[in-house]
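Structure record follows, encoded as structure tokens.
The values are calculated or read from the model by the stated rules, or taken from the named source; none is laboratory data. From a predicted model like this one, the values you see are computed outputs, not experimental measurements. Neighbour counts are summed over all protein chains in view; Cβ atoms, including those assigned to glycine, are modelled from backbone coordinates with ideal geometry.
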Amino acid sequence: MISNGSVFKLGFFSPVNSTNRYLGIWYNNISAFTVVWVANRQKPLNDSSGVLTISKEGNLVVLNGQKEILWSSNVNNSVANSSAQLLDLGNLVLKDNTTGTILWESFKHPSHTMLPEMKISANERTGEKVQLTSWKSPSDPSIGSFTAGISRQGLTQAFIWKDDRPYYRFGPWNGQEFIGAPRYPLFHDKFNVVQNQDGTTYLITSLFVHSSHVVLTTQGNIEVRLWDSEKEVWEVEWKALLSACDVYGMCGAFGSCNSMSSPICSCLEGFEPKNTEEWNRQNWTSGCERRTPLQCGRVNTSVDKMKVPDFVEWSAAQEDDYCRQQCLQNCSCIAYAFDLGTGCMTWNRSLIDTQQISNASGVDLYIRVAHSELDTKGDVRKIVTIIVIIGTIFISIIVYLLWRGMAKHKDNLNQVKLQELPLFDFVKLASATNNFHESNKLGQGGFGPVYRGKLSNVQEIAIKRLSKSSGQGLEEFMNEVVVISKLQHRNLVRLLGCCVEGEERMLIYEYMPNKSLDAILFDSSKEILLDWTKRFNIIEGIGRGLLYLHRDSRLRIIHRDLKASNILLDKDLNPKISDFGMARIFRSNEDQANTNRVVGTYGYMSPEYAMEGRFSEKSDIFSFGVLLLEILSGKRNSSFYHDEQSMSLLEHAWKLWKADSIVALIDPMISEQCYEMEILRCIHVGLLCVQEFAKNRPTASTIISMLKSEIVDLPHPKKPAFTKRQIGLDTESSKPGQRKYSVNNVTITMIQGR
């Protein structure tokens, strides 16, 4: 069934990676298959025998092949003469044909999606609620762990609950916005809370066009999604949970969370950890308690711009001072806040789910503390001032010493950084490698040689030894130590320790018996080891490692030198990303950076990085795309440099794509009919990754979803960036007529335009 304006479609469908069948509603004119409502969520069909019909009682019902009712609209006052219609809003309605009365509508029984003009509601008298409920997984639309709706206890608030317990709280509604939710004009300006006389409170949106919606994800986040018709993807315009601080009650009672601090939890002024041992282990659930017992009538201290605590009590005060006096005159009042929209807010119980916020709406929170705490605070400020002055003088002395003797002190300073890692003895490493004998040499990179060794406990290791003549020296060595020592993931090579003795600099890694990916992939005698299953596992593993670096680790890491030789393979051919000497750590508020020193491997470099020195997560995505096409074709990107038809693997793949002959790109070693669709999908993803403009490339998380077919319809790729045939690396030494280009096994540190 298609709505009158062809906006939505109703029918039976199967989710990705599932054979179960469900009755649902999805967008009709949007290329990405996006379901917004599901009927028989708890009772799927196991075949294609499903039927939607109107029963003789006038109810909408879903029947299976045995005529069993799997789902019903369950209208008590149903009528015999009724009809169903799918509206252009995405609302399925059941009408009484005689009176035109709507007997039932899907908008009052939503699943995980809120569409334009839908109302989320709660009635405090009857207990009736209209809420969003998450899917269990992208493959299972049955009711998951999360629900989202509104609650009116004192002031109206919106919540996400996990298994009926608060998981995220938007904060009180002040007539214009929720106090404490991330500010996003499109979200707040078009949402409104209305209360009817019957006690029902509605959350209404009039914001969105048909190509947008709000969704409760399987991970428990609320996202506002807008369809980008040019990219043909759903763009997340806003989401509720941005950091760990947004999880309800993260820091316990009387604790305050600040995502910009480390650790993120601290006690409110006048309070201290209830369990210091747990608190030091970053287990903050026990919260904080008062240092000094509170006496009635004492003054308050303020904490600026807070997401106010839960369990608020409210009165219609018009002035801040009046609110303060009300709290001081009530001995059970422990905190207050004033907002023009809400009036006076007070708290008489433990302060829970308090958060310091800078990019969201917030109000000043005043907490009652003892006089002695205020005096202590003043003394502490004096002490801090003195410490700052002494620290400034000390830093000035250090800077002077460094200026006078940088070379002399440099190694000492660097060794301080190495204290986080186990230090290996040079003599033991020499013994483990038979004095770094040539027979134990695994390879040679820009950093220096890599050796295989065996310690006395029979543990096999790989030792990367800094060459004294290496152009990539101490800076890359220290960078790799600082970066990789803080990372742990199954698809990242594990750094076991380092050795710093005299002029020796060495990094010790876990040993990878199958060496690097390029050693097998581009060796015709070994390529047979990499069947399609192994290659897909390698592709997915690299993608997951990249997702960890970009999004899931404690640090945001841009690798900057992702290539086949930097992908190591363990005994089961599982991939591990290695060589972090050129990696860069991004702060949480950074999206891209510039450098005057371009490092990496030409052929894998994104155009904006190679030519302008701009790098970001999308630079790594470009390198991943090149690597992906190499794995699928079995050809090096550099193998086309002498080909007059194509300058690179990227151009070769694009020509085949445009000619609708992309199957010809597939390595004959994996070219089997049963895998063809999956391989072609991976090629499609690879071409999306190597698009010329960074904004068009997908993120690591989107790539994983694409590879796992969680995103069914992929956008059409745009023309990739092509590698130029003539690259001047040294204009002064160039000879007339000499062809210059860098191949994939050469790492460069600077590109100059010719």
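Just a few scattered comments:
- Which numbered condition Ile30 misses (of (1) at pLDDT 95 or above; (2) closer than 30 Å to Lys708 by Cα; (3) among the aliphatic types (A, V, I, L, M)): (1)
- Filter result (among the basic types (Lys, Arg), out of contact with any Phe, Trp or Tyr (no Cβ under 7 Å at 6 or more places or on another chain) and either modelled with pLDDT of 80 or more or not assigned by TED's automatic domain parsing to the domain that holds Gly541 (or both)) within the stretch 705-728: Lys708, Lys718
- Only one of Asn566, Asn514 that is of a type in the set (S, T, N, Q) and surrounded by fewer than 19 Cβ atoms within 10 Å (Cβ to Cβ): Asn514
- Within the stretch 499-509, the residues that satisfy the criterion of being in contact with an Asp or Glu (Cβ under 9 Å, 6 or more places away or on another chain) and crowded, with 16+ Cβ neighbours inside 10 Å are Cys499, Val500, Leu507.
- No other residue among Ser266, Ser259, Ser229 is under 13 Å from Gln356 (Cα atoms) and modelled with pLDDT under 90 apart from Ser259.
- Only one of the numbered conditions (1) in contact (Cβ under 8 Å) with a residue 60 or more places away in the chain; (2) buried (at least 22 other Cβ atoms within 10 Å of the Cβ) is not met by Pro293, and that is (2).
- For the stretch 478-495, filtered to residues that are hydrophobic (A, V, I, L, M, F, W, C) and modelled with pLDDT of 85 or more, the residue that is nearest to Asp552 (Cα to Cα) is Leu492.
This table checks each residue for (1) surrounded by 15 or more Cβ atoms within 10 Å (Cβ to Cβ); (2) among the polar types (S, T, N, Q); (3) modelled with pLDDT of 95 or more.
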residue: Ile2; (1), (2), (3): no, no, yes
residue: Val7; (1), (2), (3): yes, no, no
residue: Phe12; (1), (2), (3): yes, no, yes
residue: Val16; (1), (2), (3): no, no, no
residue: Leu23; (1), (2), (3): yes, no, yes
residue: Val35; (1), (2), (3): yes, no, yes
residue: Val51; (1), (2), (3): no, no, yes
residue: Ile54; (1), (2), (3): yes, no, no
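- All strands (runs of 3 or more DSSP E) inside the stretch 227-332 with 2 or more residues being under 30 Å from Val215 (Cα atoms): 233-239, 255-257, 300-307
- Residues that are of a type outside the set (A, V, I, L, M, F, W, C) and under 18 Å from Asn4 (Cα atoms) within the stretch 98-109 comprise Gly100, Glu105, Ser106, listed in sequence order.
- Whichever residue in the stretch 71-88 is in contact (Cβ under 8 Å) with a residue 40 or more places away in the chain and part of a loop (DSSP other than H, G, I, E, B) and, among such residues, is nearest to Asn29 (Cα to Cα): Asp88
- Applying the condition of being among the charged types (D, E, K, R), without any contact (Cβ under 8 Å) to a residue 12 or more places away in the chain and not in a loop (DSSP other than H, G, I, E, B) to the stretch 652-678 and asking which residue is surrounded by the most Cβ atoms within 10 Å (Cβ to Cβ) yields Lys655.
- For the stretch 122-138, a residue qualifies if it is surrounded by 17 or more Cβ atoms within 10 Å (Cβ to Cβ) and small (Gly, Ala, Ser), and the qualifying residues are Ala122, Ser134.
- Condition met for Ile542 (touching a strand residue (DSSP E or B) at 6+ places or on another chain (Cβ under 7 Å), assigned by TED's automatic domain parsing to the domain that holds Ile703, in contact (Cβ under 8 Å) with a residue 12 or more places away in the chain and not in a helix (DSSP H, G or I)): no
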